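Report on the structure given below.
The values are calculated or read from the model by the stated rules, or taken from the named source; none is laboratory data. This is a predicted model, so every value here is computed, not measured. Note: ideal-geometry Cβ built from the backbone for every residue, glycine included; neighbour counts use all protein chains shown. Ligands, DNA and RNA are stripped out before the accessible areas are found, and what is left, the full protein with its side chains, is counted by its heavy atoms. Shrake-Rupley method; radii C 1.70, N 1.55, O 1.52, S 1.80 Å.
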Amino acid sequence: MIKEYNPFKTAIHRVKPSKPYQILTSKGLINKSYKVIDYGCGYGYDVKYYNDLGYNIIGYDKYNKEYNNINLNDKYDILTCNYVFNVLPYKKDMNKLLKDIKNLSDNIYITVRADKKVIKDNWKYDEINNGYWTSKGTFQRFYDEEMIKNQFGEVEYIINGNEFKLFRLNK
């Protein structure tokens, strides 16, 4: 077991919009009329990119000072939570996150990793938490449909792919 947990180290410096945001905007599931929160936005690239295009997206990430000072009592038309659940090793943290995001919106899109091909030889499997501790001190879980159903209940899949799964929580 890793003693120091560093979820902020999983944030990616992007050069283009994330695949989940590309999909959600191209399908019209997020448009310029919606008030959106990107919960766990990392460095905020999607927030900046889409706001420059006229979208109304607020970013929140408790590990980024630029995005951790917002009112979490507001309500949003849409909440996205991309690649956050898969970096939380402990069930209690996942349950708290799920409760927290449900208080912010009734329309929630979640993306989780599914592609186990990225697993490195030096990653340590954690059977209790059903995921891998990486050499950077981060945690990665790779979801299949059964894991999603167990954690989130019945969901509406937007993308049910081998690389990632993007879905809408049912109310």
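Values for this structure:
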{"item": "Residue count, segment 100-120 (criterion: of a type in the set (S, T, N, Q) and crowded, with 21+ Cβ neighbours inside 10 Å)", "result": "2"}
{"item": "Residue that is modelled with the highest pLDDT, among those in segment 50-78 that are assigned to a loop (DSSP other than H, G, I, E, B) and among the acidic types (Asp, Glu)", "result": "Asp77"}
{"item": "Number of the condition not met by Ile128 [criteria: (1) modelled with pLDDT under 95; (2) assigned to a helix (DSSP H, G or I); (3) over 22 Å from Lys35 (Cα atoms)]", "result": "(2)"}
{"item": "Selection from segment 118-136 of residues that are in contact with a Lys or Arg (Cβ under 7 Å, 6 or more places away or on another chain) and either touching a residue at least 40 places away in the same chain (Cβ under 8 Å) or over 15 Å from Val87 (Cβ atoms) (or both)", "result": "Gly131, Trp133, Lys136"}
{"item": "Residue in segment 150-171 that is surrounded by the most Cβ atoms within 10 Å (Cβ to Cβ), counting only those that are modelled with pLDDT of 95 or more and among the basic types (Lys, Arg)", "result": "Lys165"}
{"item": "Single condition Cys81 does not satisfy, out of (1) modelled with pLDDT under 95; (2) not in a helix (DSSP H, G or I)", "result": "(1)"}
{"item": "Candidates Tyr45, Tyr49, Tyr63 - the one that is over 30 Å from Tyr132 (Cα atoms) and open to solvent by 60 Å² or more (accessible area, probe 1.4 Å)", "result": "Tyr49"}
{"item": "Conditions (1) within 15 Å of the chain's Cα centre (by Cα); (2) crowded, with 19+ Cβ neighbours inside 10 Å; number of the one not met by Leu97", "result": "(2)"}
{"item": "Asn86 vs. criteria on the phi > 0 side of the Ramachandran plot and surrounded by 13 or more Cβ atoms within 10 Å (Cβ to Cβ)", "result": "no"}
{"item": "Segment 131-167 - residue that is assigned to a strand (DSSP E or B) and in contact with a Gly (Cβ under 8 Å, 6 or more places away or on another chain) and, of those, nearest to Tyr63 (Cα to Cα)", "result": "Phe139"}
{"item": "Qualifying residue in segment 73-80 (condition: open to solvent by 100 Å² or more (accessible area, probe 1.4 Å), touching a residue at least 60 places away in the same chain (Cβ under 8 Å) and on the phi < 0 side of the Ramachandran plot)", "result": "no"}
{"item": "Scope segment 24-42; condition open to solvent by 30 Å² or more (accessible area, probe 1.4 Å) and assigned to a helix (DSSP H, G or I); matching residues", "result": "Ser26"}
